[in-house]
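Chemist: Quick one: the structure is below, and I'll ask about it shortly.
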Amino acid sequence: AAPVQVQLVVPMTVVFGPGSVPGDLPRPLPFRDVQEMEISVNLRTSVTSRYEMRYRSTTGQEEAALAAATAREADAALHPLQDATLGSLTIYVVPETSSLLPQGIHVYVGKHRSALVRAGGSLAALRARLREVTQVMSFTASSIAAALSHRVPDGQLGPDARRDLKSSLGYEITFSLLNPDPKSHTVDWDIEGAVNRYVKPVLDKLSLVANFSVDSQILYYAMLGVTPRYDKESSSFLLSAHSLPHVINPVEARLGSSAASLYPVLNFLLYVPERSHSPLYIQDKDGAPVRTNAFHSPRWGGIMVYNVEAPASPQASLPLHVDVDMARVMEVFLAQLRLLFGLSREEVPAEFLLEGPGNEGLADWELDHLLWAHTVENIATVSTTLTSLAQLLDKIGNIVIKDDVASEVYRAVASVQSAVTKLSLGHLHAAFQASKEAVTSSERAFFDPSLLHLLYFPDDQKFAIYIPLFLPMAVPILLSLAKIVRETRLRKKEPTKMD
């Protein structure tokens, strides 16, 4: 792979509230400080993270906002006063005794790009807490390594590193309702209303990252392909964890969405089990029932089993009418969507309190998380694509490169350089846009139709095609040439007549 050198710069503002300034500050406020860390990927790929910190005291407005009763109120009041640049962080330091943060909580992470941190007494203690905050709110070494997963030696990646979706210019989301037993169940789901209410706010927020299209379908007589096991004790049917991978293939054959798609497709399936296999529960690896009765498959999507309550009287007429509780279903599907985009909130220290993202489905800093990872991944992808293209063109000596292909290559190189420069200036949004343009240009150049037919038409194929055409014509021509040569030689040997 081509060498990639990237410096990720995070502009940070550390704001000291009244009574929170540590006694051992090296110089009077305001002052600046820089911290650098090396993220090891491999020998040819170096990623440096650089935190450019600006320390200052609160303004009057910020002081008033920090006097709020709760951390949530303070976060809402501080939001209009802070730097809203993508990728930047504002950290407000409150006194150790502050009642804004609950007992035992040292750090409160808000919905936007700011956090509240207890002072910790000394500068060293504060710095340690700031480092923890940046690990949660900004990128981490593991998220950058996952973005560069094709460059990282296999042993160095965690089991979840390849779970996240690869960076793409667009994604297609398909919601499918599977009703394998329409004789027994008539299922109604208000998917349009649910998408507008629950999914649209999340996709509006993610529209910075990529374009999204959403569609839905109802599939009848679509089976899971795995026969569940009957459990006498609970008089229910069970699907064990090890059989779940076998569920997807038979179902996917019916979905038919990914065949014609340019972009990755995310499938979210709601399965209403047939009457003969109801109720159906999913078990985890330890045999315990899964609370959500759902599972997700990395880079593919998720399946939720929706059980229908048996009718009270056995004489109830079939088919039963089922109204799906969309709030319950969408809660599961949105959690799976977050997992697919690598936005799970698992590895947070115990003394951290994270504000829920609310209706939008993800906090501003989580959006930045995605942009950091996708920008780095795009830069690496473009460098690999252009290197492959250069190697390919070197192998084909007689290739003609048209001007529009050359200009796409130049544009891709310029955009990648721009993205790297913007990252080193701390301009995340501009860097991400430049990296997207670079991907578009490099792919246009690589898949240009004028290059494609030459790749499949090497020299030895030309000989194989033209020899059968020219050989029959060449035989009489060669024989005639031989005859002419013979005749000229004979003429030269004949003595000229003398008068």
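The values are calculated or read from the model by the stated rules, or taken from the named source; none is laboratory data. Keep in mind it's a predicted model, so treat the numbers as computed, not measured. Cβ: placed from backbone, ideal geometry, glycine included. Neighbour counts: every protein chain shown. With ligands, DNA and RNA removed, areas are computed over all heavy atoms of the protein, side chains included. Shrake-Rupley method; radii C 1.70, N 1.55, O 1.52, S 1.80 Å.
Chemist: At 7 Å along the Cα-to-beta-carbon direction for both LEU25 and SER213, put a label point, then send me their distance in nm to one decimal.
Modeler: Inter-label distance under the simple model: 5.5 nm.
Chemist: Taking 8 Å as the Cα distance limit and 6 or more residues as the minimum spacing, I'd like the relative contact order of the chain as a percentage. Mind dumping the intermediate values first?
Modeler: Values: 765 pairs, mean separation 82.5, N = 499.
It comes to 17 percent, rounded to a whole number.
Chemist: Probe of 1.4 angstrom, ligands and nucleic acids ignored: what's the accessible area per residue over the range 366-455, in square angstrom?
Modeler: 44 Å²
Chemist: Go through VAL247, HIS427, ILE467 and say which Cα lies farthest out towards the positive end of the charge dipole of the chain; charges sit on Cβ, +1 for Lys and Arg, -1 for Asp and Glu.
Modeler: ILE467
Chemist: Given R₀ = 56 Å, what would the calculated FRET efficiency be for VAL226 paired with PHE470, taking r from the Cβ atoms and rounding to 0.05?
Modeler: Values: r = 61 Å, r/R0 = 1.09.
FRET efficiency, VAL226 to PHE470: 0.40.
Chemist: Given 0.36 nm per residue, what is the gain on full extension from ALA67 to SER388 after removing their alpha carbon distance, in nm? Walk me through the numbers before you get to the answer.
Modeler: Working: separation 321, 0.36 × 321 = 115.56 nm, distance 5.79 nm.
Once the chain is fully extended between ALA67 and SER388, it gains 109.8 nm.
Chemist: For the range 457-488 and the range 318-348, what is the centre-to-centre distance using only Cα atoms, to the nearest Å?
Modeler: Here the two parts' Cα centres lie 71 Å apart.
Chemist: Please list THR385, THR174 from largest to smallest accessible area, probe radius 1.4 Å, with all protein chains kept in place. It would help to have the intermediate numbers written out before the result.
Modeler: Numbers: THR385 25, THR174 5 Å².
I get THR385, THR174, largest accessible area first.
Chemist: Now a separate question. Out of all DSSP beta bridges with both ends in the chain, state the antiparallel percent to the nearest 5. Mind dumping the intermediate values first?
Modeler: Details: 22 of 77 bridges.
The antiparallel proportion sits near 30 percent.
Chemist: What FRET efficiency, computed as 1/(1 + (r/R0)^6) with R0 = 45 Å and r the Cβ-Cβ distance, is obtained for SER480 and VAL413, rounded to the nearest 0.05?
Modeler: Numbers: r = 56 Å, r/R0 = 1.23.
With a Förster radius of 45 Å, E is 0.20.
Chemist: With labels modelled as points extended 7 Å from the Cα through the Cβ direction, what inter-label distance (nm, one decimal) is found for ARG127 paired with LEU318?
Modeler: For ARG127 paired with LEU318, the spin-label model returns 7.2 nm.
Chemist: Calculate the FRET efficiency for PHE447 and GLN35 from the Cβ-Cβ distance with a Förster distance of 51 Å, rounded to the nearest 0.05. Spell out each step's value before the answer.
Modeler: On the way: r = 42 Å, r/R0 = 0.83.
E(calc), rounded to 0.05, equals 0.75.
Chemist: While we're looking at this one, here's another question. What are the semi-axes of the equivalent ellipsoid for the range 1-93, taken as the square roots of 5 times the Cα gyration tensor eigenvalues, largest first, in whole Å? Could you put the intermediate results ahead of the total?
Modeler: Working: eigenvalues 217, 56, 19 Å².
Equivalent ellipsoid of the range 1-93: 33, 17, 10 Å, largest first.
Chemist: Over the chain, what percent of the accessible surface lies on carbon and sulfur atoms, probe 1.4 Å?
Modeler: Values: 14630 of 25900 Å².
Carbon and sulfur together cover 56 percent of it.
Chemist: Over the range 92-132, what is the relative contact order in percent, taking alpha-carbon pairs closer than 8 angstrom and at least six residues apart?
Modeler: Numbers: 40 pairs, mean separation 15.9, N = 41.
Normalised by residue count, the contact order of the range 92-132 is 39 percent.
Chemist: Could you work out how far helix 364-395 tilts from the main Cα principal axis of the chain, as a 0 to 90 degree angle to the nearest 10?
Modeler: The helix 364-395 is inclined about 10 degrees to the chain.
Chemist: Under a crude label model (7 Å from the Cα following the beta-carbon direction), how far is SER46 from GLN5 in nanometres?
Modeler: Placing both labels 7 Å along Cα→Cβ, they lie 0.6 nm apart.
Chemist: Listed highest first by mean packing, meaning other Cβ atoms within 10 Å per residue, what order do 418-428, 16-26 come in?
Modeler: On the way: 418-428: 19.7, 16-26: 14.8.
Result, highest mean first: 418-428, 16-26.
Chemist: Note the listed values [x] 44, 31, 20; [y] 57, 41, 18; [z] 34, 26, 24, then indicate which one is semi-axes √(5λ) of the Cα gyration tensor in Å calculated from this particular structure.
Modeler: From the options [x] 44, 31, 20; [y] 57, 41, 18; [z] 34, 26, 24, the structure gives [y].
Chemist: What is the packing order of peptides 329-341, 475-487, taking the mean over residues of other C-beta atoms within 10 Å and listing the highest first? Don't skip to the answer; put the middle values down first.
Modeler: Numbers: 329-341: 20.2, 475-487: 9.9.
Per-residue Cβ counts within 10 Å, averaged per peptide and sorted highest first, yield 329-341, 475-487.
Chemist: I would also like to ask the following. Output the peptides 464-472, 89-97 sorted from most to least packed, where packing is the average of other Cβ atoms within 10 Å over each peptide's residues. Working shown, then result.
Modeler: Numbers: 464-472: 9.2, 89-97: 20.8.
Final packing ranking: 89-97, 464-472.
Chemist: Okay, moving on. Got a number for the accessible area of ARG27? Probe 1.4 Å, square angstrom, nearest 10.
Modeler: 110 Å²
Chemist: Working from Cα positions, state the angle (0 to 90°, nearest 10) between the long axis of helix 123-137 and the longest principal axis of the chain.
Modeler: The helix 123-137 is inclined about 60 degrees to the chain.
Chemist: Here's another thing I want to ask about it. Kindly express, to the nearest 10 degrees and within the range 0 to 90, the angle between helix 245-255's C-alpha long axis and the longest C-alpha principal axis of the chain.
Modeler: 70 degrees
Chemist: With each run of n ≥ 4 DSSP H residues scored as -39500 (n - 2.57), what mean residue ellipticity at 222 nm is computed for the chain after dividing by its residue count and rounding to the nearest 500 deg cm²/dmol?
Modeler: Values: 13 runs with 190 residues, N = 499.
Calculated mean residue ellipticity at 222 nm is -12500 deg cm²/dmol.
Chemist: A further question on this structure: Using a 1.4 angstrom probe with every protein chain in place, what is the largest-first accessible-area order of GLU408, GLU360?
Modeler: On the way: GLU408 25, GLU360 80 Å².
The ordering from most to least exposed comes out as GLU360, GLU408.
Chemist: Starting from the Kirkwood Rh over alpha-carbon pairs, what translational D in µm² s⁻¹ does the range 170-341 have by Stokes-Einstein at 4 °C and 1.567 mPa s?
Modeler: Working: Rh = 16.9 Å.
For the chosen part, D equals 77 µm²/s.
Chemist: Which residues in the range 6-36 have a backbone N closer than 15 Å to a point placed 7 Å from the Cα of GLU351 along the Cα-to-Cβ line?
Modeler: none
Chemist: What is the dipole size for the range 170-341, taken about its Cα centre, with +1 at each Lys and Arg Cβ and -1 at each Asp and Glu Cβ, in debye to the nearest 20? The partial results should precede the final answer.
Modeler: Values: 13 positive and 17 negative charges, 65 e Å.
My answer is approximately 320 debye.
Chemist: Here is a further query. Ordering TRP372, TRP300 by how much accessible area each has at a 1.4 Å probe, largest first, what is the list?
Modeler: Details: TRP372 5, TRP300 30 Å².
Highest to lowest solvent-accessible surface, that is TRP300, TRP372.
Chemist: What whole-number distance in Å separates the alpha-carbon centres of the range 371-433 and the range 1-67?
Modeler: What the calculation gives is 30 Å, centre to centre.
Chemist: Per 0.36 nm of contour for each residue apart, how much would the distance between ALA84 and ASP204 grow if the chain were fully extended, relative to their Cα-Cα spacing?
Modeler: Numbers: separation 120, 0.36 × 120 = 43.20 nm, distance 1.76 nm.
Stretched fully, the ALA84-ASP204 segment lengthens by 41.4 nm.
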